[in-house]
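Data first, discussion second: the structure below is written as structure tokens.
The numbers here are math on the coordinates, done by the rules we state, and not lab data. Everything numeric here is computed off the predicted structure, so don't read it as measured data. Positions of Cβ are backbone-derived with ideal geometry, glycine not excepted, and every protein chain shown enters the neighbour counts.
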């Protein structure tokens, strides 16, 4: 076998490995997308707000990847639709989220508590925003 044929064969194998790796990442992101409730998925697709989703993703990913002692992240999101998006991001990253109501200065106040699950593992390599953009194209 000459050098050119070996090089072509090597390039083909490495290309297949890379494609398999990308396909695996896409499959992981697809499974994460399916964890999100149907109504939330529809709301995310219908009113796609990539900047807001990206902010929530960065906060949740930093929380998951963080080495700190805290297993709880509390975010104060007052807008109901934005809270729905936040819960969707939490479902994508397989962390639990719960919103509680209280009264602060005589006004209703919402706090969303996010907790790590024991088996959360590493977050998907493909972010929710990237996944949604890929699906659009």
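Listed by Cβ neighbour count within 10 Å, with the fewest neighbours leading, 118, 87 appear as 118, 87.
Using a simple spin-label model with pseudo-atoms 7 Å out from Cα toward Cβ, residue 98 and residue 49 lie 2.5 nm apart. Taking packing as the residue-averaged number of other Cβ atoms within 10 angstrom, the listed peptides 102-111, 43-52 run from highest to lowest as 43-52, 102-111. Going from the fewest other Cβ atoms within 10 Å to the most, the residues 130, 101 appear in the order 101, 130. Between residue 107 and residue 38, what is the FRET efficiency for a Förster distance of 30 Å, r being their Cβ-Cβ separation, to the nearest 0.05? Taking R0 as 30 Å, the efficiency between residue 107 and residue 38 is 0.40.
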